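Notes follow once the structure below has been shown.
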Amino acid sequence: MRSSNIITITGAGSARTPALVGSLVKYKDRFPLKKIIFYDIDNERTSKMEDYIRLVLKTYCSETEVVFTTDPDIAYENTDFVFCQMRAGKNEMRSLDEKIPLKYGLVGQETCGPGGFAYGMRSLGAMIEMVNQVRKHSKDTWILNYTNPAAIVALGLDKVFPDDKRILNLCDQPYSLMRSFAKILGVEQKNLRATYFGLNHFGWFTGLKDINGKDYFEQLRTYLRDHDFRPYNAEQRSKSWLDTYLRVNKYMKFFDEYIPTTYLQYYFFPDEIVAESNPNYTRADEARDSREKEVWEICSKAVNAKSIDDVEIITNSVFGDLMVELAESIAYDLHSEFILMSRNNDIITNFSRDAIVEVAGTVGKDGAHPYVYGEIKPFYKGLMEAQHAYELLTVEAFLEKDYVKALQALTLNRTVINPEKAKAVLDDLMEHNKDYWYLEKKN
Ligand code: G6P
Ligand code: MN
């Protein structure tokens, strides 16, 4: 008999929470839950979803205790896994992260470029506080972090908590891409194994086989050279996401050795992306008017629902599936394979040992076991060195409140490069993030 687990969802006010609940229901026999604690520092958004979540869980996981709280001590007092998906500054700040850079002709995105920098500075403060709150109660709780920008969060947490082996940072992008590859190839995702290297939101697939060793990489590369790349769930994606996938094709017209992750588009085609952006209506607005609106509508139907039949169930969450599969692999020491973030050490042999790299590996009850990748070629190494320096200087700027390091970071970022623009956007972001972070101009 498998024992049951207690999980805490931190940042439960996210509109992604119902889909995560859908994954918890889907995996309930594989990963049974004794208790789920929905935690957010304010309950304005969670309260809109509470009836829906309670109804779904009462129907499908009747044994599971359900708690909603705004108190970190209740959230972390006795829990096995923290699924962290907080968004410091909520969607209002995401919107500014996307719109402020566009004023200067720079990419406006929540994780890449100056927007990612500003969000990184906000997330670092909130995430360090969260780890301290969890560790006040237990050193054994696993912290599975999905909070963005995961690259900066992971590096910052590694600097502040270097010996904490129970923090794992994850991103659904490689996992989600593999789902699309599987559909193109007509194989099951669970049977595919990838070779991959990079930094988070800055990586490449370099090989793809099935569990019997059959090699699919050449077939996929050939397909992507002359077919539009569409996500496996294209019907549910908005235009900006479909365009993002198509830029994988565009990238491969120049460099078709490896298959890039989608967010490399911001570093390779920033001018085109800026030109196509609407500075008054960015992804934050689009997400609010599509996903979020849909979630609020479905949840509102649960308020007076007599039974689950009156409500539509939200499922098919890539990120939810990934979170649950990761927790399952830890809880039952499964050594399932994932693409995950780890301190480099000897993984990429010709790269900074203290960088946080993203590679394939397994996960068990003692944490992540990344596979050694070996050497990377000069083109990728050059790109990654600059991006790592950007990430490192961002973390140091935050920890030391150092304005010059922040300016250096942004100047190194491939979406910026020009120090005049870097300074202008930094000053503007700093002004709008006063409630979250500040930097000192030291001599
Ligand atoms: C991808 C990234 C995530 C990011 C998400 C944003 O999945 O890997 O890190 O959070 O996109 O998606 P959204 O639909 O909110 O723009
Ligand atoms: Mn991600």
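Laboratory data are not the source of any read-out in this text; all were calculated from the coordinates shown. Nothing here was measured: the structure is a model prediction, and the numbers come from that model. Cβ coordinates were reconstructed from backbone atoms using ideal geometry, including for glycine residues, and neighbour counts include every protein chain displayed.
For the peptides 425-436, 82-93, the ranking by packing is 82-93, 425-436, with the highest mean count of neighbouring Cβ atoms within 10 Å listed first. Diagonalising the gyration tensor over the Cα atoms of the range 85-180 and scaling each eigenvalue by 5 before taking the square root yields semi-axes of 26, 17, 11 Å, largest first.
Put in order of Cβ neighbour count within 10 Å, fewest first, the listed residues ARG283, ARG230 become ARG230, ARG283. The listed peptides 147-155, 121-129, ordered by packing as a protection proxy, come out as 147-155, 121-129 (highest mean of other Cβ atoms within 10 Å first). Shape analysis of the chain based on the Cα gyration tensor places the equivalent ellipsoid semi-axes at 31, 27, 23 Å, largest first. Here the mean projected area of the convex hull built on the C-alpha positions of the range 147-284 is 10.3 nm². Highest-first packing order for the peptide set 274-282, 17-25, 362-370 is 17-25, 362-370, 274-282, based on the mean count of other beta carbon atoms within 10 Å. Calculate log10 I(q)/I(0) of the range 130-189 for q = 0.24 Å⁻¹, where I(q) comes from the Debye formula with a single equal point scatterer on each Cα and nothing for solvent. Log10 I(q)/I(0), no solvent term: -0.94.
Using C-alpha pairs below 8 Å separated by at least 6 residues, the relative contact order for the chain is 18 percent.
Residue-wise HN-Hα couplings along the range 19-35, as the Karplus relation 6.51 cos²θ - 1.76 cosθ + 1.60 with θ = phi - 60° gives them from phi, are 5, 5, 4, x, 5, 4, 5, 4, 9, 4, 7, 6, 9, x, 10, 7, 7 Hz; Gly and Pro carry x.
When the listed pairs LYS48/LYS301; LYS26/LYS306; LYS35/LYS306 are checked against a 18 Å cut-off, the alpha-carbon distance exceeds it for LYS26/LYS306; LYS35/LYS306. Here the Debye sum runs over all C-alpha atoms of the range 1-137 as equal scatterers in vacuum, and log10 of I(q)/I(0) at q = 0.09, 0.10, 0.11, 0.17 Å⁻¹ comes out as -0.32, -0.39, -0.47, -0.93.
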